[in-house]
1. Per DSSP H run of n ≥ 4, the term is -39500 (n - 2.57); total these for the chain, divide by its residue number, and report the mean residue ellipticity at 222 nm rounded to 500 deg cm²/dmol.
2. Would you order 51, 38 from fewest to most other beta-carbon atoms within 10 Å of each residue's own beta-carbon?
3. Determine, for 74, 87, the number of other Cβ atoms within 10 Å of each Cβ, and report the residues in order from fewest to most.
4. Only helices at least 18 Å long along their axis, Cα-based, and averaging -0.5 or more on Kyte-Doolittle count here, so list those DSSP H runs from the chain.
5. With Cβ to Cβ distances under 14 Å as the rule, what net charge do the other residues near residue 81 carry (K, R +1; D, E -1)?
6. For the chain, what relative contact order do you get, as a whole percent, if you take Cα pairs closer than 8 Å and at least 6 residues apart?
7. Which one, (1) 24; (2) 19; (3) 29, gives percent of Cα pairs over 24 Å apart as derived from the coordinates shown?
8. Once you charge only the Cβ atoms, +1 for Lys and Arg and -1 for Asp and Glu, what is the size of the charge dipole of region 40-110 about its Cα centre, to the nearest 20 debye?
Amino acid sequence: MQTTPTARAREPLHIYLTLAQSSLVLEALVEKPFKEVFELIGKLNHQAQPFYQPDADPESPSRFVLEPPELSLCVRALGDLPYNRVCSLVALLHQQLQAQQAGLDRVHTP
């Protein structure tokens, strides 16, 4: 059975970020109104726990699972930061979303 575009739009999104990339997303979110982002910040912090294990490589991407509206909020928040700080991360997120839509499991090459 084939998934419709509408059904895919409701599926959780899997993105892969390094510690530095996830920190930049969090930095962008804390600039938004607290009421709008506090749950998402908690969710991202929880999913970032693998970075804080003793044998963790901060340069190795870790998987974050977000709902489409949550990722949209992250991208909007990144849009408020200086372009030179976020352009490569936004391009990477776009690449990962395109790969996910095409049915590929994982794309996280910088």
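None of the figures in this text is laboratory data; all of them are computed from the coordinates on show. Note that the coordinates shown come from a computational prediction; the quantities given were computed from them, not determined experimentally. Positions of Cβ are backbone-derived with ideal geometry, glycine not excepted, and every protein chain shown enters the neighbour counts.
1. Counting only the DSSP helices, I get -17000 deg cm²/dmol.
2. Starting with the residue having the fewest Cβ neighbours, the order is 38, 51.
3. 87, 74
4. Membrane-span-like by this criterion, though nothing is claimed about a membrane: 34-47, 83-101.
5. That works out to 0.
6. 37 percent
7. (1)
8. So the dipole magnitude of region 40-110 works out to roughly 160 debye.
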